[in-house]
Amino acid sequence: MTAGPGGPVWGAASADLNATLLEWPAGQGPAEHVNEERDVLYVVLAGSAALTVDGDARELRAGEATIVDKGARRALVAGSDGVRYLTAHVRRGGLELKRF
């Protein structure tokens, strides 16, 4: 797994689905955030991570998966060997510009 800063290493999209492969070194991960629009599937492929959803921490190891509901506050921190995981969700629509 990556020894660098971490983040997305691959991504693909179809008309209906977005998928992203991410890698994070030990102790690193994406900043806490809320996805208001989509449920997200997390599948750990290698290593482990602590996934905290609305304050409830859960350890995910290689071969384990979970779905995080839209609107939930989430944070992920890679375990001692880092983590490689796949996320998938219904594709977001294109950027819409609105007039004020």
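Within the range 8-23, is even one residue modelled with pLDDT of 95 or more and farther than 17 Å from Leu86 by Cα?
So far as the range 8-23 goes, no, none of its residues is modelled with pLDDT of 95 or more and farther than 17 Å from Leu86 by Cα.
Taking the condition under 22 Å from Arg92 (Cβ atoms) and modelled with pLDDT under 95, does Glu37 pass?
On the way: under 22 Å from Arg92 (Cβ atoms): yes; modelled with pLDDT under 95: yes.
Yes, satisfied.
Across the range 42-70, which residue is surrounded by the fewest Cβ atoms within 10 Å (Cβ to Cβ) among those that are more than 14 Å from Glu32 (Cβ to Cβ) and among the small types (Gly, Ala, Ser)? Walk me through how you get there before you give the answer.
Start the filter on the range 42-70 by keeping residues that are more than 14 Å from Glu32 (Cβ to Cβ), which leaves 42-48, 58-67, 69-70.
Next cut, among the small types (Gly, Ala, Ser) only: 46-48, 62-63, 65.
On the way: Ala46: 14, Gly47: 21, Ser48: 20, Ala62: 14, Gly63: 9, Ala65: 13.
Selected residue: Gly63.
Going residue by residue through the range 54-67, is there one that turns out to be at pLDDT below 95 and either acidic (Asp, Glu) or out of contact with any helix residue (DSSP H, G or I) (no Cβ under 8 Å at 6 or more places or on another chain) (or both)? Walk me through how you get there before you give the answer.
Step one: filter the range 54-67 for residues at pLDDT below 95, giving none.
No: the range 54-67 contains no residue that is at pLDDT below 95 and either acidic (Asp, Glu) or out of contact with any helix residue (DSSP H, G or I) (no Cβ under 8 Å at 6 or more places or on another chain) (or both).
Can you name every residue in the range 22-41 that is buried (at least 16 other Cβ atoms within 10 Å of the Cβ) and over 18 Å from Gly71 (Cα atoms)?
Leu22, Glu23, Trp24, Pro25, Ala26, Gln28, Gly29
Can we say Ala75 is surrounded by fewer than 17 Cβ atoms within 10 Å (Cβ to Cβ), small (Gly, Ala, Ser) and modelled with pLDDT of 95 or more? Before the answer, list the steps.
On the way: surrounded by fewer than 17 Cβ atoms within 10 Å (Cβ to Cβ): yes; small (Gly, Ala, Ser): yes; modelled with pLDDT of 95 or more: yes.
Yes.
I need a count of the residues in the range 1-13 that are in a loop (DSSP other than H, G, I, E, B), surrounded by fewer than 17 Cβ atoms within 10 Å (Cβ to Cβ) and either within 13 Å of the chain's Cα centre (by Cα) or of a type in the set (S, T, N, Q) (or both). Please lay out each step first, then the result.
Looking only at the range 1-13, we keep the residues that are in a loop (DSSP other than H, G, I, E, B), and these are 1-6.
Okay, now just the ones that are also surrounded by fewer than 17 Cβ atoms within 10 Å (Cβ to Cβ), so 2-5.
With the extra rule that they be either within 13 Å of the chain's Cα centre (by Cα) or of a type in the set (S, T, N, Q) (or both), the set shrinks to 2.
Here the count works out to 1.
The values are calculated or read from the model by the stated rules, or taken from the named source; none is laboratory data. These figures come from a predicted structure and were not determined experimentally. Every residue, glycine as well, gets a Cβ built from its backbone with ideal geometry; the counts of neighbours run over all protein chains shown.
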